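Below is one structure; the comments refer to it alone.
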Amino acid sequence: MLFLQQQWLRQRLFVLGSLVLGSLFFLVAREGTLDRLQLICPIKDKLSPAGSSGQIPLHTLQRKQALHLKLHRRNSTREQLRMHHLIKQLPRAIIIGVRKGGTRALLEMLSLHPAVVKASQEVHFFDNDENYDRGVDWYLKKMPFSFPHQITIEKSPAYFITDEVPERIFKMNSSIKLLLIVREPTTRAVSDYTQVLEGKERKNKTYNKFEELVIDTKTCEVNTKYKAVRTSIYTKYLEHWLKFFPIEQFHIVDGDHLITDPLPELKLVEQFLNLPSRISQYNLYFNATRGFFCLHFNFMFSKCLAGSKGRIHPDVNLSIKEKLQRFFHPFNQKFYQITGRTFNWP
Ligand code: A3P
């Protein structure tokens with residue numbers, strides 16, 4: 001009798017053990033390695049975003065997204081939000097541009113970090129007079145809920161090229177951190193053109209060829225009146241920003257590098273923002289169909305950027321392309337000199 005009971009117990013233990021092992025194998029197979037699950041492991045390091053040095057409570061980090069979603073979906077009351085210590089905070093870092101540099105990808109990738117909360121929409125507070133006149137309280141209301149130890153980041157690429165913006169941001173927070181993501185200037189100009197072209201085509205409108213817009217037909221020189229050309233003269237805008245902020249408050253992100261190998265760029269941003277290194281290779285995977293890196297939030301949730309990111313560019317006449325590259329060359333040299341970051345641009 002005793003022998004039968006022992007055998008029964010052994011069988012049960014064996015089934016239970018197999019179940020545990022099976023689940024473990026499933027997770028490992030799905031995630032590649034156990035390291036991949038590191039985001040749900042305890043976080044020991046201290047976090048010191050912009051001067052604060054508080055420890056991030058583990059449970060708040062883990063619940064970050066779930067709680068946000070739950071509270072938003074349930075249309076929660078102020079009381080509930082206060083109970084969960086959720087507040088709205090002005091951004092401590094802003095992605096100021098540049099348009100078509102990869103601003104969306106940068107923001108989304110940074111939001112993989114448990115201490116970063118992103119404003120999903122472009123707020124256009126500092127570049128739009130009507131919004132700016134609504135005051136900083138309006139701006140604050142546009143920010144997402146966050147825990148006090150988290151930092152809020154927003155992106156509005158028009159900030160970089162709008163004259164009034166640096167002074168306005170300075171008035172709000174003179175020690176704010178500024179992220180600028182740039183791409184090889186000619187490619188950026190083509191990307192800019194492609195976006196406008198797609199908009200025209202959607203409205204069944206015709207549009208000039210890129211070559212017709214970038215070259216002044218009277219002088220046969222590069223047409224600096226064309227906005228897509230002007231925006232790629234990064235040094236011109238950066239010099240204006242430097243009248244308000246020292247260069248140390250800027251971090252330049254290589255947008256071309258963010259496309260091909262995002263992790264090293266993200267690590268540099270984490271350092272710049274004084275955040276502990278949390279974004280890992282397991283948060284990013286290359287999606288061959290999309291042709292870009294996509295985001296892996298945890299072993300269940302992943303997402304790629306919308307189809308409006310990564311459009312196919314039209315072919316550009318080679319001699320026009322080279323002319324543009326020659327035109328941007330001296331401005332690029334100056335940009336490297338000012339920022340201390342050199343790119344392999346022609
Ligand atoms: P293209 O559409 O020219 O390829 P922005 O968000 O500032 O408008 O920049 C858009 C650019 O982000 C896209 O330009 C694309 O190349 C780039 N990008 C960088 N990383 C990306 C990613 N992971 N997924 C999609 N696009 C990405």
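Whose amide H sits under 5 Å from the amide H of F293, counting only residues 5 or more places off or on another chain, with H placed in the peptide plane?
Placed amide hydrogens put N287 under 5 Å from F293.
Give the long-range amide H neighbours of I215: residues separated by 5 or more places, or on another chain, with amide H under 5 Å away, using H modelled in the peptide plane at 1.01 Å from N.
Those lying under 5 Å, H to H, from I215 are N223.
Give the accessible area for M109 in Å² (nearest 10); use a 1.4 Å probe, count only protein heavy atoms, and leave out ligands, DNA and RNA.
Approximately 10 Å² for this residue.
Using the Karplus curve 6.51 cos²θ - 1.76 cosθ + 1.60 with θ = phi - 60°, what ³J(HN,Hα) values do you get for each residue of the range 319-332, in whole Hz, with x for Gly and Pro?
5, 5, 4, 5, 4, 5, 4, 5, 5, 6, 3, x, 5, 4
Please state the charge dipole magnitude for the range 66-339, taken about the Cα centre, from unit charges on C-beta atoms (+1 on K and R, -1 on D and E), reported in debye and rounded to the nearest 20.
On the way: 41 positive and 29 negative charges, 160 e Å.
Result for the range 66-339 is approximately 760 debye, rounded to the nearest 20.
Quick check on packing: order 212-222, 320-330 by the mean number of other C-beta atoms within 10 Å, highest mean leading.
Numbers: 212-222: 13.3, 320-330: 16.9.
Highest mean packing first, the order is 320-330, 212-222.
Using a probe of 1.4 angstrom, how much of the accessible area of the range 192-238 is carbon and sulfur, in percent?
47 percent
Show me, for the range 151-158, the HN-Hα J-couplings you get by feeding each phi into the Karplus relation (A = 6.51, B = -1.76, C = 1.60, θ = phi - 60°), rounded to Hz, glycine and proline as x.
Whole-Hz 3J(HN,Hα) from phi for the range 151-158: 10, 9, 10, 10, 9, 9, x, 5.
Find the accessible area per residue for the range 66-339; the probe is 1.4 Å, ligands and nucleic acids are left out, and the unit is Å².
Values: 13430 Å² over 274 residues.
Roughly 49 Å² per residue, with all protein chains present.
How many percent of all Cα-Cα pairs in the range 66-339 sit more than 29 Å apart? Before the final figure, lay out the partial values.
Numbers: 14139 of 37401 pairs.
Of the Cα pairs, 38 percent sit more than 29 Å apart.
The values are calculated or read from the model by the stated rules, or taken from the named source; none is laboratory data. Fair warning: this is a prediction, and the values are worked out from it, not measured in the lab. Glycine gets a Cβ as well: all are built from the backbone with ideal geometry, and neighbour counts include every protein chain shown. Please note that ligands, DNA and RNA were not included when accessible areas were found on the heavy atoms of the full protein model with its side chains. Shrake-Rupley method; radii C 1.70, N 1.55, O 1.52, S 1.80 Å.
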